[in-house]
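Take a look at the structure below.
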Amino acid sequence: MSLQQSLAAYQFQMASSLPTEVLEILSRNTSLLQEQHLAEKALHEGDKFPVFSLVDSDGQEHSLTQLLAKGSVIISFYRGGWCPYCVLELKALRDMLESQPELNATLVAISPETQKHTADTKANNNLNFIVLSDEDNRLARQCGLTFKLGDDLLMQYENFGIDIQSHNGNDKFEIPIPATYIVDRQGVIRFAFVEEDYTSRAEPEKLLAVLGNLS
């Protein structure tokens, strides 16, 4: 089953179990993001990726310069470990690495969650790659990916038991739209998947195909 099929199956399950008014809130907020054309304004293929240095789940610092010295880098922005769609994506990326031990690229996943929550996400999902904490969405903002959650959506997340303020360690209530980039050794983006709809993600097979063309 492809990642998108897994995402669609989960979405169908949610649609069958949630009240109509809740589904309307989720759908409306996605439509509002699409009307802002956030994906079009974000970094895309051919752009230089911003130089960064972020801390991982173990407190170790990773810079883009160091990562690119080893080869191409896959950079996946996810909303947080609280997001089931993000978890499905992270697990699919994990499985991709396990099936491709000779992959000539470094994979990093980035969210605005605190180091503690980042560590929880990595441990709870047995992730085999670097997971970075983007404090206050500084890198995501440079990439044009951030937005502020609407009050109605925040209230609904609270009803789900999701405390965005606790997860992100601030009261800005900002998260990134999902995005996956492949950056070559010169720091140039060679593949970009940016999507306002949080239920859609880049297929691992597509990432492998792009990497194959780069090698």
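The values are calculated or read from the model by the stated rules, or taken from the named source; none is laboratory data. Here the structure is a predicted model, which means the values were calculated and not measured. Reconstructed Cβ throughout: ideal geometry from the backbone, glycine too, with neighbour counts over all protein chains shown. Just so you know, the surface numbers come from the protein's heavy atoms only, side chains and all, with ligands and any DNA or RNA stripped out. Shrake-Rupley method; radii C 1.70, N 1.55, O 1.52, S 1.80 Å.
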Tilt, helix 115-124 to longest principal axis of the chain (alpha-carbon atoms), in degrees rounded to tens, equals 90 degrees
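Going by a ≥ b ≥ c, the root eigenvalues of the Cα gyration tensor, does segment 51-118 fall in the rounded group (a/c under 1.5), the prolate group (a/b larger than b/c) or the oblate group?
Since a/c reaches 1.5 but b/c is at least a/b, the shape of segment 51-118 is classed as oblate.
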The chain: antiparallel bridges as % of DSSP beta bridges, rounded to 5, reads 65 percent
Rounded to the nearest 10, the angle in degrees between the Cα long axis of helix 84-99 and the longest principal axis of the Cα atoms of the chain comes to 20 degrees
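What is the percent carbon and sulfur in the accessible area of segment 72-115, measuring with a 1.4 Å probe over the protein chains and ignoring ligands?
43 percent
Given the peptides 4-11, 174-181, arrange them by the average over their residues of other C-beta atoms within 10 Å, most packed first. Spell out each step's value before the answer.
On the way: 4-11: 14.5, 174-181: 24.1.
Per-residue mean Cβ counts within 10 Å order the peptides as 174-181, 4-11.
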Tilt, helix 3-17 to longest principal axis of the chain (alpha-carbon atoms), in degrees rounded to tens, equals 10 degrees
Cross-link reach from Lys41 to aspartates and glutamates, straight Cα distance under 12 Å and at least 8 residues apart if same chain, gives Glu195, Glu196
Expressed per residue, the solvent accessible area of the chain in Å² (1.4 Å probe) is about 48 Å²
Most packed first (mean Cβ within 10 Å per residue), the peptides 199-212, 73-86, 23-36 order as 73-86, 199-212, 23-36
Between the alpha carbon centres of segment 1-35 and segment 64-91 the gap in Å comes to 22 Å
Cys in the chain lacking any partner Cβ under 4.7 Å -> Cys143
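Mind scanning Lys91/Lys148; Lys48/Lys70; Lys91/Lys206 and naming the pairs with a C-alpha gap bigger than 22 Å?
Values: Lys91/Lys148 26 Å; Lys48/Lys70 18 Å; Lys91/Lys206 16 Å.
Going by Cα-Cα distance, Lys91/Lys148 fall outside the 22 Å limit.
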By the mean-Cβ-within-10 Å protection proxy, highest first, 156-169, 182-195 rank as 182-195, 156-169
From DSSP H assignment alone, runs of 4+ in the chain each adding -39500 (n - 2.57), the sum over residues rounded to the nearest 500 puts [θ] at 222 nm at -13000 deg cm²/dmol
Toy charge model, Lys and Arg Cβ at +1, Asp and Glu Cβ at -1: the chain dipole around Cα centroid in debye, rounded to 20, equals 540 debye
Taking only protein heavy atoms and a 1.4 Å probe, the highest-to-lowest accessible-area order of Met96, Met155 is Met155, Met96
